[in-house]
Amino acid sequence: MNPARRDFLTGLSQVAPVVVAYIPIGLLWGTLAAAKGLSALEALMMSVIVFAGSAQFVAVDMWQDPVPVLLLTFTALIINVRHVLMSASLSRHVEAIPRAWHPLVAYFLVDESWALAERRVLETPLTLAYYLGITVPLAATWWISTGVGAMLGRALGDPSALGLDFAFSAMFIAILMGFWKGPSTAGVLAASGAVAAGTHLAFDGPWYIVAGGLAGAVYAFVTWRREEAA
């Protein structure tokens, strides 16, 4: 089999469970967007242009008339600061991907594609075909499911009663477990979780996302330095 085709199909098979989880999450967001007055086209365009689930959920939660444009922009920026860390991490592994494709790589970079790509490089170099195999299905599923959710609107009923909101948490827990390496991983998760929870209780807004990410990164760095010094 052609290596590019093989890598693409490998990506498809590995991302399939996440794609399934994306469907209820996308439907949930589309339903919430419709409840705030967004049309199906507006919801779809936000998903295509922004393509950042957590930022979109926060934006819909803050949506009102008139729309607080500056506040929404600033909040989305704070939430997506983690993309700087993910981009820095992934940039070490894109040598095999032509530079002309790097803008597309950046556009498709979300938490799930980053996690799968990082797991991939533990075994073999990252290729464009594999990256497209994991990212294109994610993007297409998100676009379609959010658009359908917005079209159906209230016909789906109360999202919380359907348990769709739990799919978000379950998906990330499953992805995190793929990085499990014993006590060191537990320490990173504990530090990140504790700081995020404390920040969320102490401050309003999405600051807990940034604080949790930075705490996990600092813990991992300190642990790595200790292991290097030992």
Looking only at segment 136-151, count how many residues are more than 18 Å from Gln56 (Cα to Cα) and in contact (Cβ under 8 Å) with a residue 60 or more places away in the chain. 1
Any residue at all in segment 92-111 that is open to solvent by less than 20 Å² (accessible area, probe 1.4 Å) and over 23 Å from Ala4 (Cα atoms)? no
Return yes or no: is Ala96 at pLDDT below 90, under 30 Å from Pro125 (Cβ atoms), assigned to a loop (DSSP other than H, G, I, E, B) and not assigned by TED's automatic domain parsing to the domain that holds Phe203? yes
Given the condition in a helix (DSSP H, G or I), crowded, with 21+ Cβ neighbours inside 10 Å, of a type in the set (A, V, I, L, M, F, W, C) and touching a residue at least 24 places away in the same chain (Cβ under 8 Å), answer yes or no: does some residue in segment 71-78 qualify? no
Checked pairs for segment 2-22, first within 11 Å of Thr141 (Cα to Cα), second among the polar types (S, T, N, Q) and at pLDDT 90 or above, C-beta under 6 Å and 6 or more apart or across chains, list as Val19/Thr141; Tyr22/Thr141
Does Ser113 satisfy the condition of being assigned to a helix (DSSP H, G or I), in contact with a Phe, Trp or Tyr (Cβ under 9 Å, 6 or more places away or on another chain), polar (S, T, N, Q) and not assigned by TED's automatic domain parsing to the domain that holds Asp204? yes
2 or more residues surrounded by 11 or more Cβ atoms within 10 Å (Cβ to Cβ) and at pLDDT 70 or above: qualifying helices (runs of 4 or more DSSP H) within segment 142-230: 183-202, 207-229
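The values are calculated or read from the model by the stated rules, or taken from the named source; none is laboratory data. Values in this document were obtained by computation on a predicted structure and should not be read as measured data. Please note: Cβ atoms are built from the backbone with ideal geometry, for glycine as well, and neighbour counts cover all protein chains shown. Keep in mind that these areas ignore ligands, DNA and RNA; they rest on the heavy atoms of the full protein, side chains included. Shrake-Rupley method; radii C 1.70, N 1.55, O 1.52, S 1.80 Å.
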